[in-house]
Structures are given as C-alpha cells and as structure tokens.
Amino acid sequence: MSAEKIVTDLLAKAGITVGGGEAWDITVHDRRTFERVIGHGGLGLGESYMAGWWDAPDLKQFFEKLMSWRQRNSVKPGLSTIATALKVRLFNRQTIAQTQELANAHYNLSNRMFTAMLDDSMAYSCAYWRDADDLHSAQLAKLDLICRKVGLKEGDHLLDIGCGWGSLSYYAAKHYGVRVTGITIAHEQAVLARERCAGLPVEIIESDYRLFDNYATEGGFDAVVSLAMAEAVGEKNYREYMSVAARAVKDDGLFLLHTIGVHKTRRPDRTSWFEKYIFPGHQLPTITQLSGAMEGVLQVEDLHNIGFDYARTLTCWFENFDHYWAEEDDKAAAVENFTGDPDLFYRMWKYYLLSVAASFSVRELSVWQIVMSKHGVPGGYETVR
C-alpha cells in the first residue's frame, strides 16, 4: 500500500479529505508529504507544512478534527516513546543550562514580535474570558483574578517566579500597591520588564528559580505566583520547584501555580515537532506529578481549570501575529533574533499557534490555577472566580 493511500485513509477516518472542499480538508502541493508523514509522524507533518508542501483553509479546524479522532482512538506507546520515557526518568533534561537554552530559543526571539502579537499587558499565558469581550480585557481579568486569589493587599511583597515581560509584576504593583520581585532567565524579557515597570516598586532579577532561592528576601514573601513557567520545569525538578515556593512564602501566605497541564503523562521527545521548533526541553505536568511534588510541602486550597479559554487566547495571538506579518515590509527583520527563512518562520509560528489552540479547544490540554498554602488556611480558603 502506498504512503499516499495510508495517509489519505487515516485522515479520512478523522473526517478529513485530501483535496476536499471543507475548511478542515487539506490540499497537498508536494507528494513528498505522504512519505514524510509516514517516516516521521508528527514531526514530518509539521516540517512538510513549514516547507509549504500542504495547506488547509482553516488549520485550527484541521487539527481539531485530527485531535478529536486521536482522542477517540488511543494508540499504545511504541518503542521510541518508551525509550524516551526511560531517558526522562534517568536524566534531568531541565538543568539550569538547558533551561537557558529554552529561553534563548523562544523567549529571546524578538520583543518587537511579541509586543505586536500579545496585548498591551504583555501576558504570554491563558487569558480569562468569563466577562471579557477582547484580549486585553481578558488578560487584565486573568491578572486581577490571580491577585485576588492570593489575597494581595497594599504593602505586601509578591514573588513573581518566571515573570516574563512583567505583566503580573506591573499589574500587581500598579493596582494593588504591592512591592514585587520578579525573576526570569530570559534576558530580553528582563530588559523589557524593567522598562515597563519603571517607576513602580518592582525589581526584576535575571536568575533561575533554583539560584534565586539562595538570596530570597529574609522573612519571606506575602504571596508567591508562578505564571506559565512550570511547563519548563520538568518532572525531575517539580519537588525543588515546590520547595523553593514554600521556603519563599510566609507561613500564612499563599502560592498560586498557573500552568498548562495534561491528563496523561507526556515525556519530552526530541523527535517531536513542538520540541524541535518551539519549546525545546518543555514538559507539561500532570496533576499526579504536581501533587506528588507538593506532598508534605504544600497543601492544595483550590484548583481552577480555565483551559478552554486558551483556545480563544491563542487564536487572538495568531490574528495579531498574522496582521503584524502582513504589515511588516522587512520580513527578515520581523523577528530580530531569527536568522532563517522568514517565510518558514511565519508558517512555523502559524502551525504552532493554531495547533495548540486546537489542543485546548478539544480539551486535550488544560490550564490549572492551583492555590496552595503551607499549613492550611484557618477557617478554610474562600474560592475566588
């Protein structure tokens, strides 16, 4: 049986027609696509798209169809998946040096591009659309939700682990009157975060969270938040991650962890498209992994899943990115620290944003906000929404 027939038949099972007329159907421009997919799976699918070998009118709908079918037809892990799992258990792929590589590969790409893609808050995480009609309002609602969940009040000192471009640090200092210490390993993020937070009681430190613990503020922080950073921490480091937060927060303070999560363990795989091109060294946690890491260290007070909101957030980011790219005359300079083919980068980023949006749309991925305390909140924690 030819590679073309195998791929065509598999896609048909997902309701996708090669050469069909629906928005989720695909047009194959180069027949090498079929061999590439058979030989390299998801990596081959992504690389052939980046090369312009195939297209779909609505890439997000294509992935929604494909992922929904995959969820209904679970496949047992093959030998390569098992081998990867064993490597993860034996080796730490999120060392300080390797985590720095992730920052350089992704977060240090281009402040100019991220500024255009994100809203004015510069929040690079799931927005909260409950009462919002636009991206900026939804991101501010998310930031305010976090501040309320940890009970910030004027004069408090907040530790923002993985502060990014300072979205939470800026918001908490400006609207809640707190002092903030933010840490990030990405230099370009730190530079912009300092600019944005100028004039506010915010200190941005370039440090890995494991090193920052060596000189954390004496007496502890009133609250600790880690927003969309746990995805780069890694299974072997979750315990240390929780312990750093527990040592940093005061006995009566709260720690809020905001992270993408999966419902079935996924091991980092260097042969995956996402690992190779977008987030090298990333690993999405499961509830079991996180709860095991916090056992005896922190106590869960509240868990809130806002993952469905991420599909809309990512779609907005793509629309902003697409507009930015269309308006940019100098495509080679559109992404300051990317030296490859600009057209390839556009297709890579489109594939990334819309495929991940589909993952949240079909509920393959979640976003958890987990509120934790050291000794339990006296009288119980009052849920905030």
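The values are calculated or read from the model by the stated rules, or taken from the named source; none is laboratory data. Owing to the predicted nature of the structure, the values given are computational and were not obtained by experimental measurement. With ideal geometry, Cβ positions are generated from the backbone for all residues, glycine too; neighbour counts draw on all protein chains shown.
Numbers for the structure displayed
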{"quantity": "Residue list for the range 301-343, filter: over 25 Å from Ser48 (Cβ atoms), assigned to a helix (DSSP H, G or I) and among the small types (Gly, Ala, Ser)", "calculated": "Ala333"}
{"quantity": "Residue under evaluation Ile185, criteria (1) within 17 Å of Leu256 (Cα to Cα); (2) hydrophobic (A, V, I, L, M, F, W, C); (3) touching a helix residue (DSSP H, G or I) at 6+ places or on another chain (Cβ under 7 Å), criterion not met", "calculated": "(1)"}
{"quantity": "Selection status of Thr339, surrounded by fewer than 20 Cβ atoms within 10 Å (Cβ to Cβ), under 30 Å from Ser373 (Cβ atoms) and either out of contact with any Cys (no Cβ under 6 Å at 6 or more places or on another chain) or of a type outside the set (Val, Ile, Thr) (or both)", "calculated": "no"}
{"quantity": "Some residue of the range 152-165 being out of contact with any Asp or Glu (no Cβ under 6 Å at 6 or more places or on another chain), modelled with pLDDT of 95 or more and among the acidic types (Asp, Glu)", "calculated": "yes"}
{"quantity": "For Ser167: the one exception among (1) crowded, with 16+ Cβ neighbours inside 10 Å; (2) in contact with a Cys (Cβ under 8 Å, 6 or more places away or on another chain)", "calculated": "(2)"}
{"quantity": "Output for the range 349-358, where each listed residue is within 15 Å of Phe114 (Cβ to Cβ) and either outside any helix (DSSP H, G or I) or out of contact with any Leu (no Cβ under 6 Å at 6 or more places or on another chain) (or both)", "calculated": "Trp349, Tyr352"}
{"quantity": "Filtered residues of the range 141-169 (kept if within 13 Å of Val384 (Cβ to Cβ) and of a type in the set (Gly, Ala, Ser))", "calculated": "Ala141, Gly151"}
{"quantity": "Residue match in the range 16-27 (condition: touching a Phe, Trp or Tyr at 6+ places or on another chain (Cβ under 6 Å), among the charged types (D, E, K, R) and at pLDDT 95 or above)", "calculated": "no"}
{"quantity": "Close pairs from the range 360-385: first over 19 Å from Ser226 (Cβ atoms), partner modelled with pLDDT under 95 and part of a loop (DSSP other than H, G, I, E, B), Cβ under 9 Å, at least 6 apart", "calculated": "Arg363/His263; Glu364/His263"}
{"quantity": "Residue match in the range 203-210 (condition: crowded, with 22+ Cβ neighbours inside 10 Å, closer than 20 Å to Leu145 by Cβ and assigned by TED's automatic domain parsing to the domain that holds Ala228)", "calculated": "no"}
{"quantity": "Residue, nearest to Leu158 (Cα to Cα), within the range 123-145, restricted to residues that are touching a Gly at 6+ places or on another chain (Cβ under 9 Å) and crowded, with 21+ Cβ neighbours inside 10 Å", "calculated": "Ala123"}
{"quantity": "Listing of strands (runs of 3 or more DSSP E) fully contained in the range 199-263 that carry 1 or more residues being closer than 30 Å to Gly380 by Cα and at pLDDT 90 or above", "calculated": "221-227, 249-262"}
{"quantity": "Sole residue being surrounded by fewer than 17 Cβ atoms within 10 Å (Cβ to Cβ) and closer than 20 Å to Ile306 by Cβ, chosen from Val356, Val362, Val384, Val371", "calculated": "Val384"}
{"quantity": "Counted residues, the range 303-322 - those being within 17 Å of Pro342 (Cβ to Cβ) and either touching a Phe, Trp or Tyr at 6+ places or on another chain (Cβ under 7 Å) or without any contact (Cβ under 8 Å) to a residue 12 or more places away in the chain (or both)", "calculated": "1"}
